[in-house]
Amino acid sequence: MDIKNGFVGTIGNTPLIRLNSFSEETGCEILGKAEFLNPGGSVKDRAALYIIQEAEKQGLLKPGGTVVEGTAGNTGIGLAHICNAKGYKCVIVIPETQSQEKMDLLRTLGAEVRAVPAVPYKDPNNYVKLSGRIAEEMDNAIWANQFDNLANRQAHYETTGKEIWQQTDGKVDGWVAATGTGGTFAGVSLFLKEKNPNIQCVLADPMGSGLYSYVKTGEIKIEGNSITEGIGNSRITANMEGVPIDDAVQIHDNEALRVIYQLLYKEGLFMGGSVGINVAGAIALAKQLGPGHTIVTVLCDGGARYQSRLYNPQWLKSKGLTIPQF
Ligand code: PMP
């Protein structure tokens, strides 16, 4: 028998998918870890589970307790599902710039959603800081604190990284991912580097994020902006501290958009915007390494979460972008 134990038991062990059109174009094996197939629909289910399990282990989260988090959406969705499955309440603080689909889903899942103005991290009313204060003021509540809680990257060290290593029989030359908290990039990079220090770990950064310049020059400098959600940062989170980064690539929105439409029309995969940044980053590394290499990246979430934006011609037009033609 092969039976998963509820929602929680269904997280992880996602397939690794060969992206055929991109592999043929580059002469490399471009492989995408299908995180959109997690039961909560994104890569963040893994971090959400480890954060809750760690809080339970430490006795911080007790029956009937509340999990509070500041999130661009996917971590909140993962937490809300797990809270339902385990009998906890969930409070989510989200910047009001995030897609309506994610907010609607959070409310449907029963989370208390507090949409707040998007202000920089240094502002005390930033959504992450606000979520910390809300947790502090509540009884029997924990702050998930995904950005600086190392249970996040531990999830990817113990599961995502190990799965990628096993699924490729260790024949992997490059690993590319964008970072939000950095949990995925960090956990996988730490695991793969331990197995083989020659594996190139490359950070893919959208415009409007300071990490590309950090990797290239040691200084965080922010230029431009991006329509992608859930990625980019203006600081080095605890999850990113001490993590090997071999290189970084900066990806523009029009490039990411071209990739997600190629994924849709040539690969049959309906993906979110960060996947465009990731796969574009994998292509850039493929060009650098040359044909014959294997490069792994993450397919973080599906396109339905962004249908009113990335797949809506009017919305794209309002951002000065057009739907790429195939
Ligand atoms: N893509 C999407 C769509 C996300 O929601 C997130 C998490 N915010 C990421 C990528 C980045 O994942 P991580 O937090 O592990 O860096």
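Throughout, read-outs are computed from the coordinates displayed, never taken from laboratory work. Predicted, not measured: the structure shown is a model, and the values here were computed from it. Backbone-built Cβ (ideal geometry, glycine too); neighbour counts: all protein chains shown.
Every cysteine in the chain with no other Cys Cβ under 4.7 Å from its Cβ, please list them in numeric order.
Lacking a cysteine Cβ partner under 4.7 Å: C28, C201, C300.
Along Cα→Cβ, 7 Å out, is where each label goes; now give me the distance between the ones at K195 and N125 in nm to one decimal.
4.7
Mind listing the phi-derived Karplus ³J(HN,Hα) values for region 232-241, rounded to whole Hz, using 6.51, -1.76 and 1.60 with θ = phi - 60°, and x for any glycine or proline?
Once rounded to whole Hz, the list reads x, 7, 10, 8, 8, 6, 4, 5, 9, 5.
Need one word for region 41-141: rounded, prolate or oblate. Basis is the Cα gyration tensor (sqrt eigenvalues a ≥ b ≥ c); a/c below 1.5 gives rounded, then a/b vs b/c decides. Each step should come with its number before you reach the end.
Numbers: a/c = 1.77, a/b = 1.27, b/c = 1.40.
Oblate shape, in that a/c is at least 1.5 and b/c is the bigger or equal ratio.
Across 10 Å bins from the origin, how do the percents of Cα pairs in region 269-326 run, short distances first?
Calculated P(r), rounded to whole percents: 22, 40, 28, 10, 0.
Considering amide H positions built from the backbone, and no H for Pro or chain starts, which residues 5 or more places from V116, or on another chain, come under 5 Å of its amide H?
I94, E96
Give, in nm to one decimal, the length gained when the segment between N84 and Y265 is fully stretched (0.36 nm per residue of separation minus the Cα-Cα distance).
61.6 nm
Grab the Cα-Cα distance for E24 and K4, subtract it from 0.36 nm times how many residues apart they are, and report the gain in nm with one decimal.
On the way: separation 20, 0.36 × 20 = 7.20 nm, distance 3.55 nm.
Additional length available on full extension: 3.7 nm.
Using θ = phi - 60° and the Karplus curve 6.51 cos²θ - 1.76 cosθ + 1.60, what whole-Hz ³J(HN,Hα) does each residue of region 315-324 get, with Gly and Pro shown as x?
Couplings: 5, 4, 4, 5, 9, x, 10, 10, 5, x Hz.
Please list 3J(HN,Hα) in residue order for region 270-279, calculated via the Karplus relation 6.51 cos²θ - 1.76 cosθ + 1.60 where θ = phi - 60°; whole Hz, with x for glycine and proline.
With the stated coefficients, region 270-279 comes to 9, 10, x, x, 5, 5, x, 5, 5, 5 Hz.
Of all DSSP beta bridges located in the chain, what percent are antiparallel, nearest 5?
On the way: 5 of 34 bridges.
Once the DSSP bridges in the chain are tallied, antiparallel ones form about 15 percent.
Can you tell me how region 1-56 classifies by the Cα gyration tensor, rounded, prolate or oblate, using a/c under 1.5 as the rounded cut?
Values: a/c = 3.82, a/b = 2.18, b/c = 1.75.
The shape class here is prolate.
Go ahead and set up a Gaussian network model of the chain, Cα springs under 10 Å, then flag whichever of M103, M207, M138 fluctuates most.
With Cα springs under 10 Å in the chain, the top fluctuation among M103, M207, M138 is at M138.
Which of G73, G65, G290 moves the most in a Gaussian network model of the chain with Cα springs under 10 Å?
The residue that fluctuates most here is G290.
Quick one: P(r) of the chain from all Cα-Cα pairs, 10 Å bins, percents rounded to integers, in order of increasing distance.
The percentages, shortest bin first, are 6, 28, 37, 23, 6, 0.
Under 15 Å from the 7 Å Cα→Cβ point of D246, by amide nitrogen: which residues of region 287-311?
287-297
First select every other residue whose beta carbon is under 11 angstrom from the beta carbon of S234; then total the charges, Lys and Arg +1, Asp and Glu -1. Provide the component values of the computation, followed by the final result.
On the way: positive: K122, K221, R235; negative: none.
Result for the neighbourhood of S234: +3.
Around D139, with a cut-off of 13 angstrom between Cβ atoms, what is the net charge of the other residues, counting Lys and Arg +1 and Asp and Glu -1?
Details: positive: K62, K89; negative: E136, E137.
With Lys, Arg at +1 and Asp, Glu at -1, the neighbours total 0.
Take the alpha-carbon centre of region 290-326, take the same for region 193-233, and report the distance between them in whole Å.
One Cα centre to the other: 18 Å.
Amide H to amide H, which residues 5 or more places from T66 or on other chains are under 5 Å from it, using H placed in the peptide plane?
K89, A141, I142
Between V113, V259, V68, where does the largest GNM mean-square fluctuation fall for the chain, given springs only between Cα atoms within less than 10 Å?
Comparing V113, V259, V68 in a Gaussian network model of the chain, the most mobile one is V113.
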